[in-house]
Amino acid sequence: MYSTTDFKKGLKIEMDGVPFEIVESQHYKPGKGAAIVRTKLRNLNTGRIQDHTFRSGEKVEKADVEIREMQFLYQEGDDLVIMDLTSYEQLAIPAASTDGKSDFCKDGEKVFVMLYNGKPIDLEIPAAMVFEVTHTDPGLKGDTVSSVTKPATIETGATIQVPLFINTGDRIKVDTRSRGYLGRE
């Protein structure tokens with residue numbers, strides 16, 4: 001059991017048999033009355049974010065979540081196909097439940113899979129990864145304003161904003177949480 005004093009970003013809790021991840025938590029003490037904790041929770045089954053308010057000191061269940069290393073094989077329709085490295089069993093995860101992390105999965109790459117009661121529900125990927133730019137428009141010569149960006153498609157098919165000097169074939173480092181450009185490799 002977790003108390004509201006234990007709440008922090010990334011904590012996995014369970015309410016009414018549904019697993020949630022705390023996205024944001026803020027303790028609030030109004031001038032009159034008891035303190036409350038306002039949270040934003042991400043439903044780990046559907047990926048939807050909802051607001052929920054708890055009374056201070058309220059207890060919630062700990063989610064039965066296990067994280068296991070697996071291999072991402074390929075994307076088939078709206079599902080991601082992964083393989084358990086110990087039993088070689090193939091499992092499917094709905095891409096919608098990964099909160100956009102599926103855009104950064106390379107075929108054959110090892111990923112950490114979050115299992116809830118033995119069922120895969122989410123992926124854990126590194127915060128920064130290196131990708132090759134497969135397509136981007138060439139930048140205009142002499143256009144050196146530092147805040148100007150252009151769209152670029154990386155090897156996984158995701159589109160991110162990059163500075164004008166990035167060209168097709170360049171290897172770039174990407175922040176997978178914010179989908180932001182971090183630098184060249």
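The values are calculated or read from the model by the stated rules, or taken from the named source; none is laboratory data. Not measured: the values here are computed from a predicted model. In this analysis, Cβ positions are derived from the backbone assuming ideal geometry, glycine residues included, and neighbour counts consider all displayed protein chains. Each accessible area value is taken on the protein alone, full model and side chains, heavy atoms only, with ligands, DNA and RNA left out. Shrake-Rupley method; radii C 1.70, N 1.55, O 1.52, S 1.80 Å.
At 0.36 nm per residue, minus the direct Cα-Cα distance, what do S178 and Y28 gain on full extension? Give it in nm, one decimal, please.
Values: separation 150, 0.36 × 150 = 54.00 nm, distance 2.72 nm.
Length gained between S178 and Y28: 51.3 nm.
Please report, for the Cα atoms of region 11-71, the Rg to one decimal and the Dmax as a whole number; what are they, in angstrom?
Every Cα atom of region 11-71 included, Rg and Dmax give 13.7, 53 Å.
Once Lys and Arg get +1 and Asp and Glu get -1 on their Cβ, which of V60, M70, G108 lies farthest toward the positive end of the dipole of the chain?
Of the listed residues, the answer is V60.
With a 1.4 Å probe and every protein chain kept in, tell me what percent of the accessible surface of the chain is carbon plus sulfur.
Here carbon and sulfur together make up 47 percent of the probe-accessible area.
K173: which lysines have alpha carbons under 25 Å from its alpha carbon, excluding same-chain residues fewer than 8 sequence positions away?
Reachable lysines: K9, K101, K106, K110, K141, K150.
Run the numbers for D51 and E155: contour at 0.36 nm per residue of separation, minus the present Cα-Cα distance, in nm.
33.9 nm
For region 34-90, state which chymotrypsin sites (Phe, Trp or Tyr not before Pro) are in a DSSP loop and have at most 11 other beta carbons lying within 10 Å of their beta carbon. Mind showing how you got there, number by number?
Working: sites: F54, F72, Y74, Y88; in loops: Y88.
Sites meeting the loop and neighbour criteria: Y88.
At 1.4 Å probe size, with no ligands or nucleic acids counted, give the accessible surface of K12 in Å², nearest ten.
Accessible surface of K12 is approximately 40 Å².
Rg and Dmax of the chain over Cα atoms: what are they, in angstrom?
Cα radius of gyration and Dmax of the chain are 20.1, 62 Å respectively.
For R38 and M1, calculate 0.36 nm times their separation in residues minus their Cα-Cα distance, and state this gained length in nm to one decimal.
Numbers: separation 37, 0.36 × 37 = 13.32 nm, distance 1.84 nm.
Taking 0.36 nm per residue and subtracting the Cα distance, the gain is 11.5 nm.
Between M15 and V130, with labels modelled 7 Å along Cα→Cβ, what's the label distance in nm to one decimal, could you check?
Distance between label points: 4.2 nm.
Where does region 42-138 land on Rg/Rh, using Cα atoms and the Kirkwood Rh?
Looking at region 42-138, the ratio lands at 1.06.
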